[in-house]
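Report on one structure; see the data block that follows.
Laboratory data are not the source of any read-out in this text; all were calculated from the coordinates shown. Please read these numbers as outputs of a predicted model, since none were measured by experiment. Neighbour counts are summed over all protein chains in view; Cβ atoms, including those assigned to glycine, are modelled from backbone coordinates with ideal geometry.
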Amino acid sequence: MRNARYRPATEALHAGEDIDPVTGAASAGIVTSVSYKPKEGAKVFSAHDYSPEMGFNYIRWGSPTVRALEERIAALENTEDAVAFASGMAANTAVMLDRLKAGDHAVFGNVCYPGVAEFAHDTLPKFGVKVDFVDPSNLSEVEAAVKKGTKLVFVETPANPILRLCDLAAISKIAHAKGAEVAVDSTFATPVATNPAALGVDFVIHSLTKFLNGHGDVLGGAVAGTKEKLRTLRGETRIHYGQNLGAFEAWLTLRGLQTLFLRMEAHQRNALTLASFLEQHPKVERVLYPGLASHPQHDLAKRQMKNFGGVLSFRLKGGERAAQTALAKTRLIVNAVSLGKSKSLIYFISTTELQKASFRLGPQDLAKYREWAGDGVIRFSVGLEDVEDLQDELNRILG
Ligand SMILES: *Cc1c(COP(=O)(O)O)cnc(C)c1O
């Protein structure tokens, strides 16, 4: 493994994909073999001893196409290494299962991807892990929650679905001062916007399902960090829980990544145009997009993000009912879950439902959440369509 040789947009095309020494092929192939003849002298008895430098032996330990993707993600995050997983959830939970054990204490951001929130609320306590939830945009809350002996601080920025940010450099400083490690789910940011490892974060987590693959046809995840921090994540947690990515998914993601920088530029351009348009629209109550001057943390966004991303959230003056009426009229923009693909997706996320199912905020935090989101937000993953067609569609559905 190596650190990045070229600028990130170049690495997005090349890292992990060298000319095949046997066939001369200039594009990555898909290797699906389960077994590999070990390199001479390679110790292949226990997964605990495994490192990618030993070559390949059994597909669950590692395989060539997946390894190529890991090298590319590490290059994009400018970290020593990366480990690929079968999904973004697998990547997130692997970090928790790898770093936490019974009796440990962890601090989680209280607004994030619902699957992660539910795992932290429901599953970690089953393993005897004590979890506290904070608003990570408030550094004094983080400072108060991280105690001596806290093992992990886990945040997401921008956080789903309200695009609240947190200051990764400041949080890393607070956590490290008390001996805790920091993990960030950087799915919404992508490596185009932010390289969290450079800000001190120990585990940089991505759902490849979103912008990194970018075409809405792959489920995958990855964690980037130092070789040492990823050693047990690869050699024990992933191999023994069996959360591996498939070769075909790795290959599609390698292809998707080739256009990551171009796509993010276009996602941002369209999102900024439509965020400004929605902000002026008489039926719209509020727009949340890190690239808007009206975002409460726009200064932090400018400092921490080189690209403001492709997701915006907004709410209508008529509340939930108006949102449902508008979304029922969509034709071009698909009214469905997920985000970060080439084509636009839009979805209503009710505050009441999300609180009940996933976030379970206390009264004070719920009041803060409602200040941002009201009864709910329309999450809009802005695609690469001609922005005028998207604007026409918004005009029509808001009618
Ligand atoms: C989608 C998503 C996940 C989960 O990823 P999957 O690939 O669906 O398992 C985790 N975090 C964030 C921020 C996401 O958007």
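Some notes on this structure:
Table: residues versus (1) closer than 23 Å to residue 175 by Cα; (2) surrounded by fewer than 18 Cβ atoms within 10 Å (Cβ to Cβ); (3) among the small types (Gly, Ala, Ser); (4) touching a Ser or Thr at 6+ places or on another chain (Cβ under 9 Å).
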{"position": "30", "(1), (2), (3), (4)": "no, yes, no, yes"}
{"position": "38", "(1), (2), (3), (4)": "no, yes, no, no"}
{"position": "43", "(1), (2), (3), (4)": "no, yes, no, no"}
{"position": "50", "(1), (2), (3), (4)": "no, no, no, no"}
{"position": "63", "(1), (2), (3), (4)": "no, no, yes, yes"}
{"position": "78", "(1), (2), (3), (4)": "yes, yes, no, no"}
{"position": "126", "(1), (2), (3), (4)": "no, yes, no, no"}
{"position": "137", "(1), (2), (3), (4)": "yes, no, yes, yes"}
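- Options 204, 192; residue that is surrounded by 24 or more Cβ atoms within 10 Å (Cβ to Cβ), among the aliphatic types (A, V, I, L, M) and more than 15 Å from the ligand (Cβ to nearest atom): 192
- Residue in region 322-332 that is assigned to a loop (DSSP other than H, G, I, E, B), more than 30 Å from residue 198 (Cβ to Cβ) and aliphatic (A, V, I, L, M) present: yes
Rundown of residues vs (1) of a type in the set (Lys, Arg); (2) more than 14 Å from the ligand (Cβ to nearest atom); (3) not in a loop (DSSP other than H, G, I, E, B), yes/no style:
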{"position": "108", "(1), (2), (3)": "no, no, yes"}
{"position": "115", "(1), (2), (3)": "no, no, yes"}
{"position": "118", "(1), (2), (3)": "no, no, yes"}
{"position": "123", "(1), (2), (3)": "no, yes, yes"}
{"position": "141", "(1), (2), (3)": "no, yes, yes"}
{"position": "148", "(1), (2), (3)": "yes, yes, no"}
{"position": "153", "(1), (2), (3)": "no, yes, yes"}
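- Filter result for residue 253 (among the β-branched types (Val, Ile, Thr), in a helix (DSSP H, G or I) and surrounded by fewer than 24 Cβ atoms within 10 Å (Cβ to Cβ)): no
- Per-region count, region 173-189, residues away from the ligand (no atom under 15 Å from the Cβ), aliphatic (A, V, I, L, M) and within 20 Å of the chain's Cα centre (by Cα): 1
- Any hit, region 8-18, residues being among the β-branched types (Val, Ile, Thr) and either outside any helix (DSSP H, G or I) or at positive phi (or both): no
- Of all residues in region 82-106 being in contact with a strand residue (DSSP E or B) (Cβ under 7 Å, 6 or more places away or on another chain) and more than 14 Å from the ligand (Cβ to nearest atom), the one that is nearest to residue 14 (Cα to Cα): 82
- Taken over region 30-61, the criterion of being touching a residue at least 60 places away in the same chain (Cβ under 8 Å), part of a loop (DSSP other than H, G, I, E, B) and of a type outside the set (A, V, I, L, M) is satisfied by 32, 50, 51, 60, 61.
- Residue selected from region 259-287 under the condition surrounded by 21 or more Cβ atoms within 10 Å (Cβ to Cβ) and free of Cβ contacts under 8 Å to residues at least 60 places away in the same chain, by the criterion farthest from residue 190 (Cα to Cα): 287
- Residue check for residue 366: surrounded by fewer than 21 Cβ atoms within 10 Å (Cβ to Cβ) and more than 22 Å from the chain's Cα centre (by Cα): yes
- Some residue of region 346-354 being of a type in the set (A, V, I, L, M) and part of a strand (DSSP E or B): yes
- Residue 170 touching a helix residue (DSSP H, G or I) at 6+ places or on another chain (Cβ under 7 Å), away from the ligand (no atom under 16 Å from the Cβ) and touching a residue at least 24 places away in the same chain (Cβ under 8 Å): yes
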